[in-house]
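Before any comments, here is the structure.
The values are calculated or read from the model by the stated rules, or taken from the named source; none is laboratory data. Computed from a predicted structure; not experimentally measured. FYI the Cβ positions are ideal-geometry reconstructions off the backbone, even for glycines, and counts take in every protein chain you see. SASA here: full protein model, heavy atoms, side chains in, ligands and nucleic acids out. Shrake-Rupley method; radii C 1.70, N 1.55, O 1.52, S 1.80 Å.
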Amino acid sequence: MTKISIVGLGLMGTALAETLIKAGHEVTVWNRTDRKAEPLVALGATRAADVAEAVRPGSLVIVCVLDYATVHDVLRQASLEGTTVVNLTSGRPAEARRTAEWVRERGGEYLDGGVMAVPQMIGGPGALILYSGSQEVFDRHRAELGALAEARYVGADAGLAPLLDMAMLTGMYGQIAGATQAMALVRSAGLPVSDFTTTLLLPWLRAMGELLPGWAAEIDDRRWETDMSNLGVNDAVLEGIAVAMREQGVETNLLTPLQQIVAKRIADGHAGHGLQSLIEEVHPDLHRS
Ligand code: NDP
């Protein structure tokens, strides 16, 4: 079994370490606050006295700390010569690219990861970790990485995993914004939101979600026409919803930005286009073309 070091034993690092120990790997752990290592030592982990003891030539080092600045602060305390660093700390694409370069300059190999799971999901079904950077590292350690979550390699550019991670979170936040605004309207009628959410909203969002691949294909092909509902129609619907919300005493702040962008597209002469064409407003290259 591979010798693995886990650097950072917060909620996520602890879940990663626990899963790898249970999968039978020889795991060394290090954390700034030493006592967090104790439950893992009880499970069979070795506690490193300092970072340099955890980060040794030939070791697979999984880092999961607060942010990339902390990754640098911590890894600076060891030589990276001959090490393999898998960084599962969340951050921006540019930070991942800089860190990949920084590790390589110090003689290490680098793979970045975006964790699409909460700690409780690690090692279980539904957990996904996106990886980018060294494909050699990914292929060599596929088994260990696969013990943590479904492991998906997305490309040699180390920034890709964080970029896709952020893109997925963005989609989630949009859904949360829409659902929250919808629940506020339901609540304004004195109805409990739980029944509405399970019996109406969730099936509706699932059905609408099925349309996304079609929209995505239209965006890739820059096809802005629609046979579904154009911006003019959606503008009227959005205005109706906004007025209804106000009549019910509900603020529309989560919906207003979408309404404004639809109105702007119409003012610019695109009333006949579909909702997929809104991407032209947020993606400068598409806008110029
Ligand atoms: P925690 O707050 O539980 O843990 C943070 C970790 O960072 C601890 O090990 C902490 O050490 C360490 N740390 C913070 N500052 C320093 C420092 N200056 N020097 C050394 N170590 C430091 O966070 P999580 O474990 O939840 O998150 C870790 C990473 O995983 C984050 O980037 C997060 O975005 C990402 N992630 C988390 C998810 C989650 O659901 N929790 C989901 C997906 C990604 P100490 O114990 O000493 O404070």
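Table for the structure above
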| read-out | value |
| --- | --- |
| Pairs with Cβ under 7 Å, 6+ apart, first in the range 158-173 and of a type in the set (D, E), second not in a loop (DSSP other than H, G, I, E, B) | D165/G114; D165/M116; D165/L130 |
| Residue that is farthest from S5 (Cα to Cα), among those in the range 92-128 that are assigned to a strand (DSSP E or B) and touching a Leu at 6+ places or on another chain (Cβ under 6 Å) | M116 |
| Any helices (runs of 4 or more DSSP H) falling wholly within the range 194-289 and containing at least 2 residues that are in contact with a helix residue (DSSP H, G or I) (Cβ under 6 Å, 6 or more places away or on another chain) and at negative phi | 212-220, 231-247, 256-267, 279-282, 284-288 |
| Residue list for the range 129-151, filter: part of a helix (DSSP H, G or I) and either open to solvent by 30 Å² or more (accessible area, probe 1.4 Å) or aliphatic (A, V, I, L, M) (or both) | Q135, E136, V137, D139, R140, R142, A143, L145, G146, A147, L148 |
| Among (1) of a type in the set (F, W, Y); (2) without any contact (Cβ under 8 Å) to a residue 40 or more places away in the chain; (3) under 20 Å from R56 (Cβ atoms) - the single one Y153 does not satisfy | (3) |
| Failed criterion for T89 (all others in (1) of a type outside the set (F, W, Y); (2) surrounded by 13 or more Cβ atoms within 10 Å (Cβ to Cβ); (3) outside any loop (DSSP other than H, G, I, E, B) hold) | (3) |
| Residues (within 10 Å of the ligand (Cβ to nearest atom), more than 11 Å from the chain's Cα centre (by Cα) and of a type outside the set (A, V, I, L, M, F, W, C)) located in the range 114-135 | P119, Q120 |
| Residues (hydrophobic (A, V, I, L, M, F, W, C) and within 14 Å of I62 (Cα to Cα)) located in the range 79-99 | L80, V85, V86, L88 |
